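Colleague: This is the structure I want to talk about, given as structure tokens.
The values are calculated or read from the model by the stated rules, or taken from the named source; none is laboratory data. It should be emphasised that the depicted structure is a prediction, and the values quoted were computed from it without experimental measurement. Neighbour counts run over all protein chains shown; Cβ positions are idealised from the backbone, glycine included. Only protein heavy atoms, including side chains, enter the accessible area calculation; ligands, DNA and RNA are left aside. Shrake-Rupley method; radii C 1.70, N 1.55, O 1.52, S 1.80 Å.
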Amino acid sequence: MATHSFSLLKPNPSFSPSLFPPFPFPAKNLFSLPILYTHTHRANLTVSSSAQPPPATSEVTTSTSVTVETASTEDHDNSTVFVIRARSRIGLLQVITRVFNVLGLRVEKATINFEGDYFIKTFFVTDSRGNKIDDRENLERIEKALMEAIDGDDDAAVSVASAGRGIVVRRPPRLGFGERKAKAERMFELMDGFLKNDPISLQKDILHHVEYTVARSRFSFDDFEAYQALAHSVRDRLIERWHDTQMHFKRKDPKRIYFLSLEFLMGRSLSNSVINLGIRDQYADALSQLGFEFEVLAEQEGDAALGNGGLARLSACQMESLATLDYPAVGYGLRYQYGLFRQVIVDGFQHEQPDYWLNFGNPWEIERVHVTYPVKFYGTVMEESLQEEKCKVWVPGEVVEAVAYDNPIPGYETRNTINLRLWAAKPSDQHNMESYNTGDYIDAVVNRQRAENISSILYPDDRSYQGKELRLKQQYFFVSASVQDIIRRFKDTHSNFDDFPEKVALHLNDTHPSLAIAEVMRVLVDEEHLGWNRAWDIICKLFSFTTHTVSPEGLEKIPVDLLGSLLPRHLQIIYDINFNFVEELKNRIGLDYDRLARMSIVEEGAVKSIRMANLSILCSHSVNGVSRVHSEMLKKKLFKDFYELWPDKFQYKTNGATQRRWIVVSNPSLCALISKWLGTEAWVRDVDLLIGLREHAANLELHQEWKMVKKVNKIRLAEYIEAMSGLKVSLDAMFDVQTKRIHEYKRQLLNILGIIHRYDCIKNMDNKDRMKVVPRVCIVGGKAAPGYETAKKIIKLCHAVAEKINNDRDVGDLLKLVFIPDYNVSVAELVIPGADLSQHISTAGHEASGTGSMKFLMNGCLLLATEDGSTTEIMEEIGEDNIFLFGAKVHEVSALREKGSALRVPLQFSRVVRMVRDGYFGFKDYFKSLCDDIEGGNDYYLLGADFTSYVEAQAAADKAFVDQERWTQMSILCTAGCFFFALASHHQQTDDHNLLIRELHDAKLKISRLESVLEETIQNINAKTLYLKEREKLLDEMAQKITNLQSALSSLEDDSFLADERLKSLEEEVRQLWAISRKNNFELHVLESKAQEAEDKLEVVTSQVEKMAEIVTEQWIQIQHLEQALQITKMRALQAQRERRMKCTFFKFIRDLSERHLPKMFRALDSYLFGKGSTIKYYMSQALQQVRRFWSAIKKYHHELQGFIKQEMRRTEFTAALVNDELVFFLASALITFPILSAWMLLDHNVPFKNTLVINSISLDAS
């Protein structure tokens, strides 16, 4: 299947290999340099601002230049010098070194010099062997690669948009030369390299996000928190590539694709991202070492609920394929807060609940709060004069802000990562502030809610006027924001809108974004002030249009009243376009009013409406169908008038699905098996190689492995069914699947009636016949639109029938019916690989393409289908024998409908309908309308007409399933034929060309195998060459050693005499050394003896010291006893003195003398003895002098006595320990006073002799 064609737009051939090398696979044919080798070497760069570069041109220019200096330097004789002069910018060093690395060059040294705003980078480069690069042709190619990598970014200026629209960028402050140089050096050091993808680095990144993004402890986090950290680490790597992609696009300025779609059913992003990045295994290893499983964490991710059905899933696959094919593309859509509803089944009835998919955040999106655009609604259109010309000015009645959310989309085996930009609606800050300032808080809240409702839910119920208005608001909101963003990006680098079609391609995915035509026209005419004709010419070159509609009833129409109220200026523009078109049409076809009415954009009638499909066809340079059958319907029925007018506009590209999502991600076991049997993994990118499986389709060994893969997938699906519904199913049964949006034309009702028929047949069989029945597990899934009552009744009928069948013991495992609720992409990735048979049974002519059948086909699932949509092309690719076809063909449908009630239906059909109508499965009244719609000539979708052939096709499938070898071969051929319907492949749908394509596929496969063999052979040759080089090097080393040994031997033979003399001299020196050694030994022995004697003496002294210590201890104990006795004695002496004090005659005498007689005597003799001229005074003075001399003698004697006592006490060890000043003073005083006291006490007759002994003993003890 080919991607949609975009006029004048091809995959960007200017992608520099230095920026986008295929990843993780080796680069292919980058440059044919014979001196370069595939392995690379990255030197450690030293940035030196003071180093002088090689001489450059004397004239200073302002452009980027690359100069090659062939002159050798002293330090780098083998280097080629590349001098690059460019404007200073962050990341340039990284770009340059990456070019050298990709080319296999070694950077030995690098220096940087600054010169104003420019700097000169000097690189000393060698080839991978360390040799200088001399070949001029190779040098020119290297220069060209460097110029291509750095050209165009040197003088890029920062653009500043108006405050009212687009991005507002704050210019950085101007830095001085020194600051700028330091900043540049620091930036080069920090930014020179990508994030590493080894397990250790991945673990560090995951734990970093656990702690700093998720804000959890790195020692305690659960599976969901681990998933969030894992997703952020993957997003970091996506952002690296995204930045490189945007820089490359900005520098090369290619024509860009802008893919406008109201739906993108992205599903889960984690597995797809790591596979496209080529680091899935590295992440699995890193997580396993942290105690987590990658598959378990991947299950934590929720589905991005941004679409419904095949159109939305096709948009997601388109974006991934555009990235893989290196298209410079951007997708635009709406960021629905709730998206499609979450389906909940209660008692068999569908209930809708909001899908809160953003409750836990979306780690894959990047909110661009600075990228906002005003979107206008309502209001009036005024006419003003501008430069003497009339112009229209739209004065809006309501303004809503559109905020951008970016989602990086990586390509496979390429560094190209494109952007999906989704818009969220926010209220205008100005309006909110006005409401708050005036106190109208309720109005502020209402306005906020009304604004946010625009991007709240997907597909609001449009049965009411309010629902239609909200739907139209959604369409214009995302179109207006996208157009403003596209024009802003164009004006960043261009000023002439005549170049707009050469740089911009706008693709409309169905009619939902058709208002973009009127919006671009409004901006060009009203805001950019281009003339109408000039703007119209631009519009017609700008748009391409894909329609997915098959019937006139499905074409979108907008009531004029609604459009005029909500978008008054756009209605005027559409009227003007239609007027000009009709006038031109009259000139071409004449006054054929019926045809003019059919082709007019404005439909007259009871409700005047705007035909959006007619507007899209008129303004687009190409109109795409999505299958061959669909294209023929467009040409012959739906848009016949337009096709006759512009046949060259109409083409078709059959829809498809990407094998990376639906095989590599969803079915890794099958992916490994295909790679094994094809001998290459190149089919993951070049899906045409899958045709090579046809050569092995009959191989029994492949059959066994194929069946094992299918069984593993059926086990996964059976476990999911049991966990979801509690129903156990047999793995030996055929898994019969129909998973689609519930709609009458998709005929889920026919499937259910067929199941009832099978159940009725089994019930009426005997046991012998039941043994021949092929067991089946019938699986149905899908959602019904909230307002679609018939579809909801079909869901209820499915549950009622399942309740009856699953609980019937007579049937057992022969038949089971399961309804899978809330079917989405993640569930599809589980169901599709496990399916044996898939039903695509829409009424012929009602399915535009049908991408679901292609996903089942890729996974080896056989199809039971009508010839509708893409089924005809599938049949041509896989063969009619490998598909089960039934039912009326497209050209037969009209005739069958015309028969009405005259159309005869088979009895089996009438019987199963009667079972439902009679309440066999319950809810008789509820299903009555369902039965009425398919009986009595009301069977619009021909269930009865196709029932017989449907039952026969089911029987054929049973017969084929019994023969497992045939079934497996058919399954292999289905996968081999799906190459034609995979996105990112290019085909022309002609019979002759298909034959060439098949031959080309065979050639590609052979070439791929030969490349694999050649690559393996080259690796073996390289390994052997390396081995031989190592051996040669070893032989050279051994030869050199032998030469050295021979030279040494010859030298020894020539100098043998000198050697003998030297030997004798050495012997004499040895004898002398021996004598000295003996002498040293004797002295050492003497020293050892002395040391032993010293040790003995030390032991003796130690023993004596120990004995003295024991003596001192004993004496110390005795001293302690004496001190205690002395203390006791003193206390007793004091007590005795107190008792006997008054008995002492001497004391009495002294007391009487001092108290009684002396005072009287002194008073009587005072005047006589001491009066003036008395002689007694003289004698008294003489007596006092004698007393003073006596006292001086006593003090001297007392001092000498203290010295004598100290000297005597120190003579013995015992008393020496007691010597202190207080004790010596006391003993000296006692020795002086003792004789006087003793004599006095002897004279006193009242003192008993025993007291004298006591005092004597005290004095002796003191001594």
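Colleague: Distance in nm between label sites at Lys728 and Glu137, each 7 Å beyond Cα in the beta-carbon direction?
Modeller: Label-label distance for Lys728 and Glu137, simple model: 7.4 nm.
Colleague: Along its principal axes, what span do the Cα atoms of segment 1179-1238 show, with the longest given first and each in whole Å?
Modeller: 53, 22, 15
Colleague: Got a sec? What order do Thr843, Thr1025 fall in by accessible area at 1.4 Å, biggest, i.e. largest, first?
Modeller: Thr1025, Thr843
Colleague: Put Leu105, Leu1049, Leu1218 in order of accessible area, largest first, 1.4 Å probe: what do you get?
Modeller: I get Leu1049, Leu1218, Leu105, largest accessible area first.
Colleague: Sticking with this one: Below 24 Å, Cα to Cα, which lysines can Lys796 reach? Residues fewer than 8 away in the same chain don't count.
Modeller: By straight Cα distance, Lys796 reaches Lys728, Lys740, Lys746, Lys763, Lys783, Lys804, Lys816, Lys924, Lys928.
Colleague: I've got another one for you. Under a straight-distance cross-link criterion of Cα-Cα below 30 Å, which lysines are reachable from Lys392, leaving out those fewer than 8 residues away in the same chain?
Modeller: Cross-link targets: Lys376, Lys426, Lys468, Lys473, Lys491, Lys503, Lys541, Lys557, Lys586, Lys608.
Colleague: Could you state the number of Å between the C-alpha centres of segment 305-356 and segment 211-278?
Modeller: Between the Cα centre of segment 211-278 and that of segment 305-356, the gap is 17 Å.
Colleague: Something else now. Where the accessible area of segment 322-394 is counted over protein heavy atoms with a 1.4 Å probe, how much of it, in %, is carbon and sulfur?
Modeller: 47
Colleague: Check cross-link reach from Lys1024 to the lysines: straight Cα distance under 19 Å, and skip same-chain residues fewer than eight apart.
Modeller: The qualifying lysines are Lys1033.
Colleague: Could you look at segment 1054-1131 and say what percent of its accessible area is carbon and sulfur, using a 1.4 Å probe and all protein chains?
Modeller: After summing per-atom areas, the C and S share lands at 61 percent.
Colleague: Report ³J(HN,Hα) in whole Hz for each residue of segment 1087-1097, in order, from the Karplus equation J = 6.51 cos²θ - 1.76 cosθ + 1.60 where θ = phi - 60°; Gly and Pro get x.
Modeller: Values, residue by residue: 4, 5, 5, 4, 4, 5, 4, 4, 5, 5, 4 Hz.
Colleague: Another question, then. Whenever you get a sec, line up Glu388, Glu935 from highest to lowest accessible area (probe 1.4 Å, protein heavy atoms).
Modeller: Greatest to least solvent exposure: Glu388, Glu935.
Colleague: Applying 1/(1 + (r/R0)^6) with R0 = 56 Å to the Cβ-Cβ distance of Glu965 and Leu1049, what FRET efficiency is obtained, to the nearest 0.05?
Modeller: 0.10
Colleague: While we're here: To the nearest 10 square angstrom, what accessible area does Glu1114 show with a 1.4 Å probe?
Modeller: Using a 1.4 Å probe on the heavy atoms, I get roughly 120 Å².
Colleague: Then there's this: Can you give me the distance in nm between label points at Thr1215 and Lys676, each placed 7 Å from the Cα along the Cα-to-Cβ direction?
Modeller: Reported label-point gap for Thr1215 and Lys676 is 11.4 nm.
Colleague: Give me the 1.4 Å probe accessible area per residue for segment 691-787, excluding ligands and nucleic acids, in Å².
Modeller: 41
Colleague: Averaged per residue, what accessible area in Å² does segment 789-868 show with a 1.4 Å probe, protein chains only?
Modeller: 21
Colleague: Quick check: the distance between the Cα centres of segment 901-946 and segment 631-703, to the nearest angstrom?
Modeller: Between the Cα centre of segment 901-946 and that of segment 631-703, the gap is 38 Å.
Colleague: Work out the FRET efficiency for Val446 and Asn359 from their Cβ-Cβ distance, taking R0 = 30 Å, and round it to the nearest 0.05.
Modeller: That pair, Val446 with Asn359, gives E of 0.80.
Colleague: At 1.4 Å probe size, with the rest of the protein present, what percent of the exposed accessible area of segment 1179-1238 is carbon and sulfur atoms?
Modeller: Answer for segment 1179-1238: carbon and sulfur cover 66 percent of the accessible area.
Colleague: Now for a separate question. Any idea of the accessible area per residue across segment 1179-1238, 1.4 Å probe, to the nearest Å²?
Modeller: 77
Colleague: What is the extension gain from Asn1020 to Ile1232, computed as 0.36 nm multiplied by their sequence separation minus the C-alpha to C-alpha distance, in nm to one decimal?
Modeller: 64.0 nm
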